[in-house]
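Colleague: Below is the structure I would like to discuss, written out as structure tokens.
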């Protein structure tokens with residue numbers, strides 16, 4: 001199958017929204033897709049697609065233990081050519097409290113992709129979904145788990161999207177043999193974005209599927225920040241080695257896992 005340029009791609013959060021759209025597109029193009037669902041109930045919601053997928057892995061990304069299990073399940077399926085870190089949450093009324101005591105937005109949007117990057121056998125390509133809101137994330141790494149600050153869901157989301165864009169850039173810096181990029185899909189009408197979101201849903205997922213599988217030379221750029229297949233300038237922190245190192249050290253401390 002490799003001879004006909006079929007890629008094996010794992011997509012987190014692929015039972016609805018952009019993740020589901022990306023999975024459908026890649027399957028229709030003939031690629032082997034490993035789906036991810038938070039629970040068996042969520043997996044049953046995409047039963048028709050499940051029969052066309054290579055595999056489905058189950059686990060809640062807000063749980064450290066279940067995230068580690070997801071990595072194990074993916075590795076049991078076999079070597080991935082690409083991983084699309086699509087899953088994310090936006091609006092939480094309160095900080096929340098994961099089984100490990102982390103803020104839920106941090107756990108799902110930052111710690112989970114960090115852990116999966118460290119624990120899934122290294123693919124050729126990594127794609128991380130961020131947001132234009134990462135520009136408001138700020139450079140402090142002192143209280144990313146929101147243990148002392150008053151809760152602000154919008155700021156927590158912005159920070160988490162700065163984190164994930166920075167992870168993408170740090171991976172590109174430390175693993176030059178892996179194509180690692182961040183994608184802002186735009187404000188699109190998904191369950192998270194809302195029905196009134198003004199951006200194009202189709203364009204919302206096409207950049208990540210293109211970066212994950214295309215042989216186009218433009219899709220083989222490393223360490224870039226993308227919006228609708230166009231490179232954009234990310235927040236200054238994203239490409240700052242000092243900020244990258246501080247964030248990676250903080251995430252290693254919170255997870256007990258070193259990425260580099």
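Coordinate-derived values only; no laboratory data. Here the structure is a predicted model, which is why all the values come from computation and not from measurement. Because the Cβ atoms are built from the backbone with ideal geometry, glycine has one as well, and the counts that use them run over all protein chains shown.
Colleague: Pulled fully out, how much extra length does the chain show between residue 250 and residue 48, if you take 0.36 nm times their separation in residues and subtract their Cα-Cα distance?
Modeller: On the way: separation 202, 0.36 × 202 = 72.72 nm, distance 4.08 nm.
The residue 250-residue 48 span can extend by a further 68.6 nm.
Colleague: Helix 17-28 versus the longest principal axis of the chain: what angle, 0 to 90°, nearest 10, using Cα atoms?
Modeller: 20
Colleague: Follow-up question, since we're still on this one. Pick from 147, 161, 104: which is most flexible by mean-square fluctuation in a GNM of the chain where alpha carbon atoms under 10 Å apart are linked?
Modeller: Largest GNM mean-square fluctuation: 147.
Colleague: Defining a contact as two alpha carbons under 8 Å apart and six or more residues distant in sequence, what relative contact order in percent does the chain show? Walk me through the numbers on the way to the answer.
Modeller: On the way: 508 pairs, mean separation 45.5, N = 260.
With pairs under 8 Å counted, the relative contact order is 18 percent.
Colleague: Once each part is reduced to its C-alpha centroid, what is the distance from segment 13-80 to segment 212-260 in angstrom?
Modeller: With segment 13-80 and segment 212-260 each reduced to a Cα centre, they are spaced 23 Å.
Colleague: Hey, with R₀ at 41 Å, roughly what FRET efficiency would residue 29 and residue 177 work out to, going by the Cβ-Cβ distance, to 0.05?
Modeller: On the way: r = 25 Å, r/R0 = 0.60.
Computed FRET efficiency for residue 29 and residue 177: 0.95.
Colleague: Using Cα atoms only, what is the angle between the long axis of helix 241-255 and the major principal axis of the chain, expressed in degrees (0 to 90) to the nearest 10?
Modeller: Taking the Cα atoms of the chain, the angle to 241-255 is about 90 degrees.
Colleague: Could you tell me the center-to-center distance, by alpha carbons, between segment 145-161 and segment 90-136 in angstrom?
Modeller: With segment 145-161 and segment 90-136 each reduced to a Cα centre, they are spaced 13 Å.
Colleague: Which percent, to the nearest 5, of DSSP beta bridges fully inside the chain are antiparallel?
Modeller: Of those bridges, close to 10 percent are antiparallel.
Colleague: Between 0 and 90 degrees, rounded to the nearest ten: what's the tilt of helix 153-174 against the longest Cα principal axis of the chain?
Modeller: The helix 153-174 is inclined about 60 degrees to the chain.
Colleague: Report the full-extension gain for the segment residue 233 to residue 260: residue separation times 0.36 nm, less the Cα-Cα distance, to one decimal in nm. Write out the running numbers ahead of the final one.
Modeller: Working: separation 27, 0.36 × 27 = 9.72 nm, distance 2.48 nm.
Working it through step by step, the gained length comes to 7.2 nm.
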